Amino acid sequence: MPRLHGNKRDRRHLALTSLLMLASVIAHAEAIRPEGLSALQELRIAEGNDDAQRLLITDRADKVVLDTGKVLPRIENEFSPNSYDGYLAELLAERQARATAIDLQGERHALLSPTTQAGDYLLLITREEDNGAYNFNLKFRYDGTTKSFALSQILLNENDTQCDQSLLSSYAMDSKALGATSIADFDGSRAFGTLRALRLAHQTSASTAEKLMPEAVASNFDAALKACQAGNAQELKTLVGYFLSSDEDGACGPGNYIVEKYYFPQRVGWSNDLGFLFEQAGHYPEAVELLQHITRRHPDRVVANLNLADAYWALGEREQAREAYGQYHDKMLAAQKQARIPPRVLERK
């Protein structure tokens, strides 16, 4: 699938001048949120003037609910002559506690998002020439009573630039950072610069943004954990294999994606359990990569030291294994839990 940031002018023109046909709206709504179908039918993105970058949104009776030239600017790209950056626009029907993310490849991902409310949304997707690393999704929730769109969520989507270009992570950013609360006071040009600065700050500082887990990842994890608990080694290996990335030239080593994709700061226990599943399924380098990060960032996660030690031992890296076993042993003694220390720890430390 082509990238969203390629062929900008053609894509922008298509996005702004094409109607969201009722047939496609019905198909999308039935798949996502049947109870919101009637509300979603009220909206479509109608024809806009390409030069003026006008965004016109009407209801099904062609009554205008939004008419603005500030939302979809043409922003000259500072590196590519005659190229323009900006936004793509479309409509979404979201489920309760689920958020749709659309990444640079145009792929849709359902994310677990407790704060997301079911309803109809205007989605703005940033597009930038030669940016193969990330994009932003701006969600404006539609209120059918007031015919208004309130800014409800900003997603920063990071793609894997070293492996298969797939989605690495999605972060729910502080929506107050834009200085706009609705589409009525949203200035696309000003917001574009603010979003760039927001991403830079996210990279260079200790970000507290919540990392959202893809629904498919959570579901696959639950199935893998169930297989592990049932002692079904073959099913476990198959399911855990779905977590791995690969490409033809072998650039997808664990160090290129495992931590960014599967370390969730707000769900460290989940990440530790996935590291354990990697080890149980025989994917020892992936286990080491994830568990090593956890033990460094969260020294209080005692069991992570044991899981890390087991992965090192399976790789034949005895020195690192003994060190991790020793750390686990010492922390268990300090917690007065020596009776729960597995015999192998005493044999190997």
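List of remarks:
- Single condition E129 does not satisfy, out of (1) in contact (Cβ under 8 Å) with a residue 40 or more places away in the chain; (2) farther than 25 Å from D185 by Cα; (3) under 13 Å from the mean Cα position of the chain (by Cα): (3)
- Residues in segment 319-343 that are touching a residue at least 24 places away in the same chain (Cβ under 8 Å) and exposed (fewer than 15 other Cβ atoms within 10 Å of the Cβ): A335, P342.
Table: residues versus (1) at pLDDT below 95; (2) surrounded by 14 or more Cβ atoms within 10 Å (Cβ to Cβ).
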| residue | (1), (2) |
| --- | --- |
| M213 | no, yes |
| A216 | no, no |
| E235 | no, yes |
| L239 | no, yes |
| E248 | yes, no |
| A251 | yes, yes |
| V268 | no, yes |
| S271 | no, yes |
| F278 | no, yes |
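- Residue satisfying all of: in segment 47-97; among the small types (G, A, S) and touching a helix residue (DSSP H, G or I) at 6+ places or on another chain (Cβ under 9 Å); modelled with the lowest pLDDT among these: G48
- Selection status of A150, assigned by TED's automatic domain parsing to the domain that holds Q105, over 20 Å from the mean Cα position of the chain (by Cα) and farther than 24 Å from H109 by Cα: no
- Where helices (runs of 4 or more DSSP H) sit wholly within segment 283-349, those with at least 2 residues that are in contact with a Lys or Arg (Cβ under 9 Å, 6 or more places away or on another chain) and assigned by TED's automatic domain parsing to the domain that holds G253 occupy 284-297, 302-315, 318-334.
- One residue stands out in segment 257-266 among those that are among the hydroxyl-bearing types (S, T, Y) and over 12 Å from A218 (Cα atoms): the one that is surrounded by the most Cβ atoms within 10 Å (Cβ to Cβ), namely Y257.
- In segment 176-211, the residues that are among the acidic types (D, E) and either surrounded by 15 or more Cβ atoms within 10 Å (Cβ to Cβ) or touching a strand residue (DSSP E or B) at 6+ places or on another chain (Cβ under 8 Å) (or both): D187, E210
- Residue in segment 141-152 that is at pLDDT below 95, aromatic (F, W, Y), surrounded by fewer than 20 Cβ atoms within 10 Å (Cβ to Cβ) and part of a strand (DSSP E or B) present: no
Yes or no, residue by residue, for (1) modelled with pLDDT of 95 or more; (2) under 21 Å from Q96 (Cβ atoms); (3) not assigned by TED's automatic domain parsing to the domain that holds Y263; (4) not small (G, A, S):
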residue	(1), (2), (3), (4)
T126	yes, no, yes, yes
E129	no, no, yes, yes
F136	yes, no, yes, yes
T161	no, no, yes, yes
Q165	no, no, yes, yes
A184	no, no, yes, no
L195	yes, no, yes, yes
S207	no, no, yes, no
F221	yes, no, no, yes
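- Residues of segment 102-116 satisfying the condition of being assigned to a strand (DSSP E or B) and surrounded by fewer than 23 Cβ atoms within 10 Å (Cβ to Cβ): I102, R108, H109, A110, L112
- For the criterion of being over 20 Å from A89 (Cα atoms), assigned by TED's automatic domain parsing to the domain that holds N256 and crowded, with 17+ Cβ neighbours inside 10 Å, A230 fails.
- Residues in segment 117-136 that are surrounded by fewer than 24 Cβ atoms within 10 Å (Cβ to Cβ), polar (S, T, N, Q) and under 23 Å from L66 (Cα atoms): Q117 alone.
- Sole exception among (1) within 21 Å of S113 (Cβ to Cβ); (2) without any contact (Cβ under 8 Å) to a residue 12 or more places away in the chain; (3) not polar (S, T, N, Q) for R190, by number: (1)
The values are calculated or read from the model by the stated rules, or taken from the named source; none is laboratory data. It should be emphasised that the depicted structure is a prediction, and the values quoted were computed from it without experimental measurement. Don't worry about glycine lacking a Cβ; one is built from the backbone with ideal geometry, like all the others, and counts go over all protein chains shown.
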